[in-house]
Amino acid sequence: MKVFIFSKKKIECPLHYNSVPLNSKIEDLKYVVFDTETTGFRVGAEDRMLEIGAVIVEGYEVKENSTFQTFSNPHRLISQEIIQLTGIQSKDVEEAPEARDAIHDFFAFLEGNTVNSLVGHYVSFDELVLKSELKRAGLHLQMVPSLDTLNLIGYLSPSYDMRDLERYAQLFGSRLYPRHRALNDALMTAYLFVELLELLRDRKVETWGELVRVSRGSG
């Protein structure tokens with residue numbers, strides 16, 4: 001397993017993205033669906049990461065026995081609003097690792113599972129969380145593009161215009177979990193992602209190259 005050197009100024013998210021042949025079958029690829037919880041939405045400013053959760057998807061199957069979860073210490077008070085939303089309290093995170101160490105552990109999970117791509121729902125926010133935390137540690141995170149379930153939904157059903165994960169899960173008939181905990185949201189996103197992949201297969205989107213194309217809105 002790769003050891004990530006955090007003393008350097010740059011760090012790369014350990015994914016096998018660009019090395020995947022474009023004609024690879026979707027059923028042969030491996031993804032990590034992930035989610036973060038934070039103290040608020042201003043993660044580029046005063047808000048901090050509280051939790052990372054992730055689950056492996058292989059092809060069209062969610063691997064519920066292959067998951068990752070860690071808290072991180074935000075070194076700031078958690079507002080009552082966030083406590084009510086997530087159920088995460090100060091006692092849950094006071095002994096948790098620093099954000100950079102939590103991200104290190106997450107990257108080790110990715111490396112250990114030979115992942116081809118990250119997936120998320122409104123994933124740009126979660127990427128910003130990782131980048132902002134590592135920036136505070138003096139590091140620049142380099143990431144290849146992630147797959148966003150919002151973009152896949154936009155390709156399949158362009159009439160839908162919302163971001164709420166639970167409403168989409170209900171609309172597409174995928175599994176529901178209690179909201180606003182990172183692993184639960186990652187699991188719900190994973191089952192939504194698999195449902196979307198199956199719908200895309202019905203439209204003859206069956207290879208990595210085709211999936212990347214539609215995820216970029218160029219289908």
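How big is the dipole moment of the stretch 9-54 about its Cα centre under a simple scheme where the beta carbon of each Lys and Arg is +1, that of each Asp and Glu is -1, and everything else is neutral? Debye, nearest 20, please.
Around 260 debye, computed over the stretch 9-54.
Place +1 on the Cβ of every Lys and Arg and -1 on the Cβ of every Asp and Glu in the chain, take the dipole about the Cα centre, and give the residue among Gln69, Gly87, Phe125 whose Cα lies farthest towards its positive end.
The one lying farthest along the dipole's positive direction is Phe125.
What does the charge dipole of the stretch 1-122 about its Cα centre add up to, to the nearest 20 debye, if the Cβ of each Lys and Arg holds +1 and the Cβ of each Asp and Glu holds -1?
Using Cβ point charges on Lys, Arg, Asp and Glu, the stretch 1-122 gives about 520 debye.
Might you report the magnitude of the Cβ-based charge dipole of the chain about its Cα centre, with Lys and Arg at +1 and Asp and Glu at -1, to the nearest 20 debye?
It works out to roughly 620 debye.
Name the residue farthest towards the positive end of the dipole of the stretch 17-63 from the options Ile52, Tyr31, Pro21, assuming +1 on Cβ of Lys and Arg, -1 on Cβ of Asp and Glu, about the Cα centre.
Ranked along the dipole, the leading option is Pro21.
For a label point 7 Å from the Cα of Tyr160 along Cα→C-beta, name the residues of the stretch 195-210 whose backbone N is under 14 Å from it.
195-200
Taking the Cα-to-Cβ direction at Leu85 and at Lys204 and moving 7 Å from each Cα, how far apart do the two end points lie in nm?
The answer from the label model is 4.3 nm.
Calculate, for His16 and Gln142, the FRET efficiency according to 1/(1 + (r/R0)^6) with r their C-beta to C-beta distance and R0 22 Å; round to the nearest 0.05.
Approximately 0.90, to the nearest 0.05.
Just for the chain, what percent of DSSP beta bridges are antiparallel, to the closest 5? Could you put the intermediate results ahead of the total?
Numbers: 18 of 26 bridges.
Around 70 percent of the beta bridges assigned by DSSP in the chain are antiparallel ones.
Of Tyr177, Leu141, Met188, whose Cα points farthest to the positive end of the dipole of the chain (charges on the beta-carbon: +1 Lys, Arg; -1 Asp, Glu; origin at the Cα centre)?
The residue sitting most towards the positive pole is Leu141.
Among 42-49, 15-22, how do they line up from the highest to the lowest mean number of other beta-carbon atoms within 10 Å?
Peptide ranking by packing, descending: 42-49, 15-22.
If a/c stays under 1.5 just call it rounded; otherwise compare a/b with b/c (prolate if a/b is bigger, oblate if not). Do that for the stretch 1-130, with a ≥ b ≥ c from the square roots of the Cα gyration tensor eigenvalues.
Since a/c reaches 1.5 and a/b is larger than b/c, the shape of the stretch 1-130 is classed as prolate.
Using only DSSP helix segments of four residues or longer, with each worth -39500 (n - 2.57), what per-residue ellipticity at 222 nm results for the chain after dividing by its residue count and rounding to 500?
Result for the chain: -11500 deg cm²/dmol, rounded to the nearest 500.
When the Cα centres of the stretch 158-219 and the stretch 48-100 are compared, how far apart do they sit, in Å?
21
Assuming a ≥ b ≥ c are the square roots of the Cα gyration tensor eigenvalues, decide whether the stretch 156-205 counts as rounded (a/c under 1.5), prolate (otherwise, with a/b larger than b/c) or oblate.
Oblate, because a/c is 1.5 or more while a/b does not exceed b/c.
Over the chain, how many pairs of lysines fall under 24 Å by alpha carbon, counting only those 8 or more apart in sequence or from different chains?
16
Laboratory data are not the source of any read-out in this text; all were calculated from the coordinates shown. The structure displayed is predicted, hence computed values, not measured ones. In this analysis, Cβ positions are derived from the backbone assuming ideal geometry, glycine residues included, and neighbour counts consider all displayed protein chains.
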